[in-house]
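Each remark here refers to the structure printed beneath this line.
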Amino acid sequence: MERKEFLKRGFSALGFAAIVSCSNNSIDPVETAETATGSTGSGGSCTITASETAGPFPTIVPGNYVLNDITSDRTGNKLTVKITIQNKNNSCTALAAALVDIWHCDATGNYSQYGGSGMQSTNYQKVNFLRGRQTTDANGLVTFTSIYPGWYSGRAPHIHVHIYNASGKSLLVTQIAFPEATSALVYAQGVYKSHGQADTTNARDNVFGDGVSTEMATVTGSVTTEFELTHTIVVSA
């Protein structure tokens with residue numbers, strides 16, 4: 001089954017739209033709905049992060065990939081990923097000792113551990129890149145070193161995340177969305193340029209089309225240096 005067809009069958013089919021362009025190379029912090037509602041981890045109200053599909057390419061045996069640097073041999077703009085996990089059932093305070101798995105595609109839209117089929121023609125079944133697991137610290141934080149994700153047809157740029165408690169119980173599967181202006185800058189240069197601009201905006205994405213208020217990352221940095229992603233995910237633990 002073609003990957004695009006999988007997405008159509010799994011969700012409502014939506015059209016494509018061009019990514020917006022931006023004229024400079026630097027990105028300033030942007031307040032998202034998440035930060036605006038006061039999800040600070042200091043206690044108080046917060047909103048559970050939206051649950052999403054793990055997609056057609058989840059990590060096989062994620063516990064085997066306890067890594068901080070998940071880049072492997074992939075090239076692209078360096079991206080430091082900082083994810084904080086909060087527990088809504090404990091006044092939105094930090095959730096320590098949670099297991100956090102992330103995975104995403106490379107600069108040309110391909111995933112490791114899969115391929116050689118209609119879903120993904122390039123065969124990466126025997127390699128493992130851009131996948132990893134970390135355990136949250138006392139502040140509920142995990143940090144990964146990666147590259148800025150690419151895109152594939154029918155999906156806006158994204159990172160998959162699966163959170164478990166310390167005992168391995170699944171708490172939430174979700175995805176992280178990216179600011180479109182930032183992605184447009186990245187995809188206009190370097191290893192991303194030959195693949196071109198993403199063909200799907202967040203608003204027309206099969207996953208993010210119902211809103212990204214709890215899934216939009218804050219991304220800062222520059223294509224001439226590197227980027228940093230910060231994001232808070234709220235679970236019920």
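Every read-out reported here was derived from the displayed coordinates using simple, explicitly stated rules and does not represent laboratory data. Quantities reported herein were computed from a predicted structural model and do not represent experimental measurements. Neighbour counts run over all protein chains shown; Cβ positions are idealised from the backbone, glycine included.
Let's test the formula: R0 of 22 Å, r as the Cβ-Cβ distance of Thr108 and Thr135. What FRET efficiency results, to the nearest 0.05? Could you put the intermediate results ahead of the total?
On the way: r = 31 Å, r/R0 = 1.40.
About 0.10, to the nearest 0.05.
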Test of understanding: what is the full-extension gain from Ala188 to Asn68, defined as 0.36 nm times their sequence separation minus their Cα-Cα distance?
40.4 nm
Filter the cross-link list Lys88/Lys126; Lys82/Lys193; Lys169/Lys193 down to pairs whose alpha-carbon distance in this structure exceeds 30 Å.
Lys88/Lys126; Lys169/Lys193
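Using 0.36 nm per residue of separation minus the Cα-Cα distance, give me the extension gain between Lys78 and His195 in nm, one decimal. All intermediate terms of the calculation are to be shown ahead of the outcome.
Working: separation 117, 0.36 × 117 = 42.12 nm, distance 1.77 nm.
Here the answer is 40.4 nm.
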Expressed in nanometres to one decimal, the distance between label points 7 Å along Cα→Cβ at Ser117 and Ile60 is 1.0
7 Å from Cα along Cα→Cβ at both Ala96 and Ser153: what's the point-to-point distance in nm?
4.9
Placing each pseudo-label 7 Å from Cα in the direction of the beta carbon, Glu226 and Ser45 end up separated by a distance in nanometres of 3.8
Taking 41 Å as R0, compute the FRET efficiency from the Cβ-Cβ separation of Ala203 and Ser170 and round it to 0.05.
0.90
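If you wrap a convex hull around the C-alpha atoms of the range 140-210 and split its volume per residue, what is the figure in Å³?
Numbers: hull volume 8.3 nm³, N = 71.
It is 117 Å³ per residue.
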With DSSP loop assignment and no more than 12 other C-beta atoms within 10 Å, the trypsin sites (Lys or Arg not before Pro) in the range 87-132 are Lys126
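Is the range 79-237 best put as rounded, prolate or oblate by its Cα gyration tensor, with a ≥ b ≥ c the root eigenvalues, rounded for a/c under 1.5, and otherwise prolate when a/b is larger than b/c, oblate when not? Could the numbers behind the result be given before it?
Numbers: a/c = 1.76, a/b = 1.48, b/c = 1.19.
Taking the square roots of the gyration eigenvalues as a ≥ b ≥ c, the range 79-237 is prolate.
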Output ³J(HN,Hα) for the range 109-119: one whole-Hz value per residue in order, computed from phi by the Karplus curve 6.51 cos²θ - 1.76 cosθ + 1.60 with θ = phi - 60°, and x for Gly and Pro.
x, 9, 9, 6, 6, 9, x, x, 8, x, 5
